[in-house]
Structures are given as structure tokens and as C-alpha cells.
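A.B. asks: Before I ask anything, here is the structure I am working with.
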Amino acid sequence: MHLHRACSSECVERHCHVNRLIFESGECYSGLMTNISYHRHRFPPEIIQSTVWLYSKFTLSYRDIEDLLAERGLDVSYETIRRWVNKFGSSYARRIRSNRPGADTIWHLG
């Protein structure tokens with residue numbers, strides 16, 4: 001299933017539902033990714049974030065992720081997934097690292 005620019009809100013709702021199925025663990029960082037531009041991308045930001053997360057979190061190949069998304073009704077090629085990981089992966093990691101608390105000056109050894 002492709003999501004086109006003129007897609008109805010029902011279509012977007014379905015993609016968001018699929019995204020929730022992919023992210024059952026709740027580790028989506030969508031709140032951190034609000035300033036990243038997804039302009040001219042066919043899929044919603046949540047789908048892109050989920051896909052990059054799957055690749056980064058687990059030892060899956062691009063083709064494995066393509067198969068996972070196909071099982072959930074999304075027609076995304078492994079080449080598109082590779083482009084998303086190359087384009088968005090480092091900026092996601094940078095934002096996640098910047099929101100981590102820093103090391104404290106006092107260490108408590110157990």
C-alpha cells in the first residue's frame with residue numbers, strides 16, 4: 001500500500017495504526033523528532049521513525065525490515081529504508097544523545 005500526497009486522512013490513520021503495531025514496546029522517539037523536516041516524503045514521519053528505529057535497535061537487514069513492513073500492509077523497498085537510515089539515523093541519534101542526562105561529578109560506588 002502506498003501513501004500518496006493526496007491520500008485521505010483515513011489512509012494516514014491506517015499508517016499510524018500500523019506504526020503502533022510495530023512499536024509495541026513504546027520506544028518511539030517521535031517527540032524528539034519534531035524539528036526534522038519530512039517534506040516530500042511519501043510516508044508519515046512516524047513510519048520513517050519506526051523503520052529507522054527497527055534497523056537501529058535490532059540486528060535486522062533492510063530486507064528483513066521490508067518484510068516486516070510488508071506483513072503490516074506497507075509497501076516500502078529495502079532501498080528506501082536504506083535511504084531513510086542514512087538520511088535520518090545520525091540526526092535521531094544526535095538528538096537522543098543530547099537529551100540524556102550528563103555524567104555527575106559525584107560517583108556513588110555500591
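A.B. asks: Taking the condition of being among the hydroxyl-bearing types (Ser, Thr, Tyr), free of Cβ contacts under 8 Å to residues at least 12 places away in the same chain and in a helix (DSSP H, G or I), how many residues in region 59-84 meet it?
C.D. replies: Count: 1.
A.B. asks: Sticking with this structure for a sec: If you take the residues of region 33-88 that are closer than 25 Å to Asn99 by Cβ and aromatic (Phe, Trp, Tyr), which of them is surrounded by the fewest Cβ atoms within 10 Å (Cβ to Cβ)?
C.D. replies: Phe58
A.B. asks: Would you point out which residue out of Leu21, Leu69, Leu32 is at pLDDT 90 or above, of a type in the set (A, V, I, L, M) and under 15 Å from the mean Cα position of the chain (by Cα)?
C.D. replies: Working: Leu21 fails: at pLDDT 90 or above; Leu32 fails: at pLDDT 90 or above.
Selected residue: Leu69, the only one of Leu21, Leu69, Leu32 that is at pLDDT 90 or above, of a type in the set (A, V, I, L, M) and under 15 Å from the mean Cα position of the chain (by Cα).
The values are calculated or read from the model by the stated rules, or taken from the named source; none is laboratory data. Only a predicted model underlies this, so the values are computations on that prediction, with no experimental measurement involved. Quick reminder, even Gly has a Cβ in these numbers, built from the backbone with ideal geometry, and neighbours come from all protein chains shown.
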